[in-house]
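Down below is the structure, laid out as structure tokens.
The values are calculated or read from the model by the stated rules, or taken from the named source; none is laboratory data. Remember, predicted model here, so these are calculated numbers, not experimental data. Because the Cβ atoms are built from the backbone with ideal geometry, glycine has one as well, and the counts that use them run over all protein chains shown. Side chains are part of the model used for accessible areas, which takes the heavy atoms of the whole protein and leaves out ligands, DNA and RNA. Shrake-Rupley method; radii C 1.70, N 1.55, O 1.52, S 1.80 Å.
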Amino acid sequence: MITQYKLAIIGFGNVGQGLAKILSDKYTFLKEKFGVDIRIVAVCDLNKGSIADRNGIDPTKLLKHIELNGDLKNFSDINTDWNAEETIGNSGADILVELTYTNLETAEPALTHVKLAMNNGMHISMTNKGPVALFFPELKKIANKNKVQIGIEGTVMSGTPALSIASEMLLPAGITKIQGILNGTTNYMLGEMEAGADYESALKQAQDLGYAEANPAGDVDGHDAAAKVVILGNLLMDLALSLSDVDCTGISKLSPDDIKQATANNKRWKLIGNVEKTQSGYIAFVKPQMLSYEHPLAAISGATNAITYSTELLGDITLIGPGAGRMETGYAIIEDILSIHKNK
Ligand code: HSE
């Protein structure tokens, strides 16, 4: 039996285009092998324009148009003048794919989009960390009330299934501590700087490769990693962390001399995120640490991330995989949809 899923995509930057490319390449495979007929029925982007077609929009055509024109204006007669809210209300979609810019102060506009969609009976798939780090318990209540599901796999380690593996298979083993490299941009930059690049050009490369946030301050100041610490702690350790509970230092103050000094001592800098339960509560932080070359996390390079889950029953389990990128994060939406399909 084949089940159809109609996606309304809000925000069509790197991740949305990565998702469209995956659907362009894998639509038939996903349908035949997993029974899901995944169609994009609407795309709405503040700068690029809006389109909608209840029968489905050809993702190959969509990408070609963006490549040639840079936006969706003049796509065809399926252009609309809908804003995000109108797209959610009018498109006939059953899943909102929320891909607008992460806002770690108010979570808007994503928060409004997600609430509206759930109250309209739509499932959610989001890679946007704002609503998840700031309002997840409230969103879960709205989801339960409306009998819909929320997929958030892409909020931590992009398409590497760090959240589903942990929440489905490691929770019973008793997770006591989670530590790792949780930001692709800074890990990539630290590697480039160790190889001699200056800070600005390393950041520019990370932006060009689609790793950085729309505002890369969130990456280099450590706030993106801190949001992931909050998400991990709350989802997997029953904590009720806010961003202000995470002691956060980024990489922007690391000087070329700091990097050279580490190399001279057979060490390298890594931005480490950590959350652990203690007898008196918890410890949660993000900070640059100098690791010796033998340390397991020292070898994690580029935009790759790694998470070590320390558990009571299994000891340490480490997951290494992509932490950022167009296709890598676009793939997280596919995982969310398959999970929605399985749990329906
Ligand atoms: N800017 C983020 C990073 C994207 O570099 O890790 C993935 O959350």
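A few comments on the model shown:
- Divided by 2.2 N^0.38 Å, where N counts the residues, the Cα radius of gyration of the chain comes to 1.00.
- Of Lys61/Lys204; Lys33/Lys141; Lys177/Lys253; Lys228/Lys277, pairs whose Cα-Cα distance is over 25 Å: Lys61/Lys204; Lys33/Lys141; Lys177/Lys253
- Pairwise alpha-carbon distances in the stretch 209-337 exceed 25 Å for 31% of all pairs.
- For the stretch 188-344, the fraction of 1.4 Å probe accessible surface lying on carbon and sulfur atoms is 49 percent.
- Euclidean distance of C-alpha centroids, the stretch 262-326 and the stretch 151-195, integer Å: 9 Å
- Residue pairs, from the table Lys73/Lys147; Lys129/Lys344; Lys73/Lys140, whose Cα atoms sit over 30 Å apart: Lys73/Lys147; Lys73/Lys140
- Once the 1.4 Å probe is applied to the protein heavy atoms, the stretch 262-301 comes out at 53 Å² accessible per residue.
- The share of accessible area on the stretch 67-166 that comes from carbon and sulfur is 50 percent, using a 1.4 angstrom probe.
- The order of Asp71, Asp25 by accessible area, most exposed first and with a 1.4 Å probe, is Asp25, Asp71.
- Solvent exposure of the stretch 105-181 amounts to 37 Å² per residue of accessible area, where only protein heavy atoms count and the probe is 1.4 Å.
- Extents of the stretch 155-199, taken as max minus min of Cα coordinates on every principal axis and listed largest first, are 45, 21, 12 Å.
- Anisotropy class of the stretch 22-130 from Cα gyration tensor, a/c 1.5 cut: oblate
- Estimated distance in nm for a label pair at Ala173 and Phe29, the labels positioned 7 Å out from Cα along Cα-to-Cβ: 2.8 nm
- Stretch gain in nm, segment Arg54-Asp247, where the contour uses 0.36 nm per residue and the Cα spacing is subtracted: 64.8 nm
- Charges were assigned to the Cβ only: +1 to each Lys and Arg, -1 to each Asp and Glu. The resulting dipole of the stretch 1-144 about its Cα centre is roughly 440 debye.
- Where GluC sites (Glu not before Pro) fall in DSSP loop in the stretch 98-193, at most 11 other Cβ within 10 Å: Glu105
- Computed about its Cα centre, the charge dipole of the stretch 190-259 is approximately 180 debye, with only Lys, Arg, Asp and Glu carrying charge at their Cβ.
- For the stretch 1-71, fraction of C-alpha pairs farther apart than 16 Å, in %: 45 percent
- Cα-based equivalent ellipsoid, the stretch 267-344: semi-axes from gyration tensor eigenvalues, Å: 27, 20, 12
- Selection of GluC sites (Glu not before Pro), the stretch 306-344, meeting DSSP coil and at most 14 other Cβ within 10 Å: Glu312
- For the chain, the Cβ-based charge dipole about the Cα centre amounts to some 740 debye (Lys, Arg positive; Asp, Glu negative; other atoms uncharged).
- Looking at the stretch 12-93, the accessible area is 51 square angstrom per residue; that uses a 1.4 Å probe and ignores ligands, DNA and RNA.
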